[in-house]
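The values are calculated or read from the model by the stated rules, or taken from the named source; none is laboratory data. Keep in mind it's a predicted model, so treat the numbers as computed, not measured. Note: ideal-geometry Cβ built from the backbone for every residue, glycine included; neighbour counts use all protein chains shown. Areas reflect the complete protein model, heavy atoms only, side chains present, ligands, DNA and RNA absent. Shrake-Rupley method; radii C 1.70, N 1.55, O 1.52, S 1.80 Å.
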Amino acid sequence: MTLLKNPKMNVFYISMISALYAFLFIFTSNHIEFNRLISHPNTLNSWFWNMWSEFIANGNMKYFGYVIIILTIVIIMLILFGKKKYDEYQVNILARSLIVAFTITVLILPVALILILSDPNYAIETMFMLLTIQWLSTLIVDLVYSVKYFK
């Protein structure tokens, strides 16, 4: 818990994982080898997965990478211009939000496995969907926390 009192640990955690996700989304966007692995759109009888597959195939995941970078910069700026250290109340909220993010991640893994086993051809699309939802929701929760911290 003493590590959570230092806001720089939150900045370090958010920035490292955001850099990884942003690099993954931006680098794989329009990459030739990666596009060969994506299933062709309109092969399923599901408009949602067909649209999502086409979205990825068109190289639009880079926009999620840019959103991740922007949200991370906003969070970092709010934390760096905020108070020096978190108090016990803020540490408790941060710890709970980290526990919720971890729990959501653990619960998403079986869902991902079921989706991939039901149609292994769409494994990349499924993983991109779940990773996008998981990390963007974590960033939004941290942004709300950082805005409240800044006040």
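Values for this structure:
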{"item": "Listed residues THR103, MET129, ASN10: farthest to the positive end of the dipole of segment 3-149 (Cβ charges)", "result": "ASN10"}
{"item": "C-alpha long axis of helix 7-28 to longest principal axis of the chain, angle in °", "result": "20 degrees"}
{"item": "Helix 123-150 vs. the chain, principal-axis angle (Cα, 0 to 90°, nearest 10)", "result": "20 degrees"}
{"item": "Stretch gain in nm, segment LEU109-ASP87, where the contour uses 0.36 nm per residue and the Cα spacing is subtracted", "result": "4.6 nm"}
{"item": "Cα Rg, Dmax, segment 3-149, angstrom units", "result": "17.4, 54"}
{"item": "Dipole of segment 3-149 [Lys/Arg +1, Asp/Glu -1 at C-beta], most positive-end residue of LEU71, PHE25, VAL91", "result": "VAL91"}
{"item": "Relative contact order of the chain, defined on C-alpha pairs under 8 angstrom at six or more residues apart (%)", "result": "33 percent"}
{"item": "Cβ-placed point charges (K, R +1; D, E -1), dipole of the chain about Cα centre in debye, nearest 20", "result": "780 debye"}
{"item": "Mean ellipticity per residue at 222 nm, deg cm²/dmol - from DSSP H runs of n ≥ 4 across the chain, formula -39500 (n - 2.57)", "result": "-27000 deg cm²/dmol"}
{"item": "Potential extension, SER137-GLU54 segment - 0.36 nm per residue separation minus Cα distance", "result": "27.6 nm"}
{"item": "Highest to lowest packing among 136-146, 10-20, 89-99, scored as the average C-beta count within 10 Å", "result": "136-146, 10-20, 89-99"}
{"item": "Heavy atoms of MET77 accessible to a 1.4 Å probe, total area in Å² rounded to 10", "result": "90 Å²"}
